[in-house]
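Each remark here refers to the structure printed beneath this line.
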Amino acid sequence: MVKERTIYYSYLWYNADRKIDLKKLPGFSEIASQVIEAQTTMLNYDRLYTLWQAVLSIPSPNLPLVEIGTYRGGSAKFILETLKQNRYENQFYVFDTFEGHAVVDESIDGEHQIGTFEDTSYEKVKAYLTSPNVSIYKGDFLKTAEHIENITNFGMVHIDVDVYPATKFCLEFFAGRTIPGSVIIVDDYGFITCKGAKKATDEFVRSNPNFKLFHLVTGQALVLKIS
C-alpha cells in the first residue's frame with residue numbers, strides 16, 4: 001500500500017525541488033498569499049496560478065470576466081487584484097447562491113448535498129470585493145444568468161460549482177458568449193469528489209469541437225475556445 005501511494009504521488013512531486021517556487025513569483029505571490037491567509041478561498045497557490053495566467057492571457061484587456069461559484073470571495077478577490085495590478089479595467093461579474101448548492105444530481109454528485117458551502121455571506125463578500133468594476137449577484141445561476149445574457153464577448157470564465165447540473169448549464173450558457181482565444185477554467189475537474197464537474201465538461205467538449213480541453217495537474221480543466 002505504501003509503495004502504491006508513493007508511485008501514485010511521484011509524478012506530482014517529481015523534480016519538485018527544481019521547479020519554480022510560486023510563493024516567490026513577483027506579482028503573483030503577494031496577491032495569492034493575501035487571499036490564502038485571509039481564508040476566503042479553498043484554492044492554493046497552484047490553482048490560483050492558473051487563474052493568474054488566465055487573466056493575463058485574455059484576448060483583450062477590455063473584455064468582461066465572470067466567476068460562477070465564489071464562496072467566500074477569495075478567488076474573485078484574487079482575480080480583481082490581478083486586474084488592478086496590471087491596470088486592467090475589465091467589468092467583472094461574480095455569481096453565487098451564497099446558500100450552498102441549489103441543485104445536485106444524486107446519481108453522480110453523491111458527495112455533495114443541497115446547501116453544501118453555505119457558510120458564507122452575500123453581504124460580507126460584497127464588502128470584500130468593493131470595486132466600481134465588480135457586479136455581484138446572489139441566487140441560483142440557472143436563474144440569475146439572465147443578468148448577463150446579452151454579453152457575448154467574455155474573455156475569461158471561471159466555473160467553480162462542483163456539481164453536474166450547474167457545470168453543465170454554465171458551459172452551455174458561455175459557449176456562445178465567449179470569443180476565440182478566451183478560456184473557461186473549470187475547477188475540480190480532476191477531483192474524484194467532483195465527478196459531476198468532469199462529466200459535464202467532457203460531454204460539453206465532445207459536443208462542441210470548437211473548444212479544446214486541457215486537464216491540468218492542478219485538478220482544473222482549461223477549456224480553450226479556438227473558433
>> Counting only other residues whose beta carbon sits under 12 Å from that of Phe204, what net charge do I get with K and R as +1, D and E as -1?
In response: +3
> What number comes out for the charge environment of Tyr45, summing +1 per Lys or Arg and -1 per Asp or Glu over other residues with Cβ under 13 Å away?
Replying inline: 0
>> Taking 30 Å as R0, compute the FRET efficiency from the Cβ-Cβ separation of Glu123 and Thr6 and round it to 0.05.
In response: 0.05
> Can you work out ³J(HN,Hα) from phi for every residue in segment 32-37, in order, using Karplus 6.51 cos²θ - 1.76 cosθ + 1.60 and θ = phi - 60°, giving whole Hz and x for Gly and Pro?
Replying inline: 4, 4, 4, 7, 5, 5
> Calculated from DSSP H runs of 4 or more alone, at -39500 (n - 2.57) each and per residue, what is the 222 nm mean residue ellipticity of the chain, nearest 500?
Replying inline: -10500 deg cm²/dmol
>> If you take every residue apart from Gly155 with its C-beta less than 12 Å away from the C-beta of Gly155, what net charge results, scoring Lys and Arg +1 and Asp and Glu -1?
In response: +2
> Going through segment 36-118, which trypsin sites (Lys or Arg not before Pro) have at most 16 other Cβ atoms within 10 Å and a DSSP loop state?
Replying inline: Arg87
> Sequence-distant or interchain residues sharing an amide H contact under 5 Å with Phe154, placed H: which?
Replying inline: Thr178, Ile179
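What does the convex hull of the Cα atoms come to per residue for segment 20-225, in Å³? Please list the in-between numbers first.
On the way: hull volume 22.7 nm³, N = 206.
Per-residue hull volume (Cα only) is 110 Å³.
FYI, it's all coordinate maths here, none of it is from the lab. Predicted, not measured: the structure shown is a model, and the values here were computed from it. Backbone-built Cβ (ideal geometry, glycine too); neighbour counts: all protein chains shown.
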